[in-house]
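In what follows, a structure is listed as structure tokens, so that the remarks can point back to it.
The values are calculated or read from the model by the stated rules, or taken from the named source; none is laboratory data. Computed from a prediction, not measured in an experiment: that's the story for all the values here. All Cβ positions, glycine included, derive from the backbone under ideal geometry; neighbour counts span all protein chains shown. Note: accessible area is taken over every heavy atom of the protein model, side chains too, but ligands, DNA and RNA are not part of it. Shrake-Rupley method; radii C 1.70, N 1.55, O 1.52, S 1.80 Å.
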Amino acid sequence: MTRIRRGYIARRRRKKMRLFASSFRGAHSRLTRTIIQQKIRALVSAHRNRDRKKRDFRRLWITRINAVIRGSGVSYIYSRLIHNLYKGQLLLNRKILAQIAISNRNCLYMISNTIIKRGDWEESAKQF
């Protein structure tokens, strides 16, 4: 009996796997079983780190805002700034505030001072 050649479907699947793992080092880009394991690992890491990246950026923005606010000399801290922003219904998210803090500190100082004055005015209005 003559030998029957297999189809192309499995070869096409493995080729696709090899293209995914072409940048991996050593056996991770050459051996099919190892490629499959490394592909699963890579995709799991990518999925996990998408959420992690969001968390890390939020932490970075908070750190930047807090550093600029505390360095301003005004006795003001990040948590009070955010609380008063929400009370004053100023819709600025942390990303925008961090960009303002880096590019134009005076603008952030003006925002914080306005919030402080508005808060003092509201408190004095409540007394009457």
For labels at LYS39 and ALA67 in the simple 7 Å Cα→Cβ model, what's the distance in nm?
4.2
Between 0 and 90 degrees, rounded to the nearest ten: what's the tilt of helix 105-127 against the longest Cα principal axis of the chain?
50
Could you give the angle, 0 to 90 degrees to the nearest 10, between helix 9-20's Cα long axis and the longest principal axis of the Cα atoms of the chain?
40
How far, in nm, would the chain grow between HIS47 and GLN89 when pulled straight, counting 0.36 nm per residue and subtracting the alpha carbon separation?
11.6 nm
Measure off 7 Å from each Cα along the Cα-to-Cβ vector at LYS54 and PHE20, then give the distance between these two points in nanometres to one decimal.
2.4
Tell me what the chain gives for mean residue ellipticity at 222 nm when only DSSP H runs of n ≥ 4 count, each as -39,500 (n - 2.57), the sum divided by the residue total, rounded to 500 deg cm²/dmol.
-25500 deg cm²/dmol
If you count only protein heavy atoms and use a 1.4 Å probe, how large is the accessible surface of LYS117, to the nearest 10 Å²?
140
At q = 0.19 Å⁻¹, base-10 log of I(q)/I(0) for region 1-116 (Debye sum, equal scatterers on each alpha carbon)
-0.95
Taking all protein chains in place and a 1.4 Å probe, what share, in percent, of the accessible surface of the chain do carbon and sulfur account for?
54
Using a 1.4 angstrom probe with every protein chain in place, what is the largest-first accessible-area order of THR114, THR2, THR32?
THR2, THR114, THR32
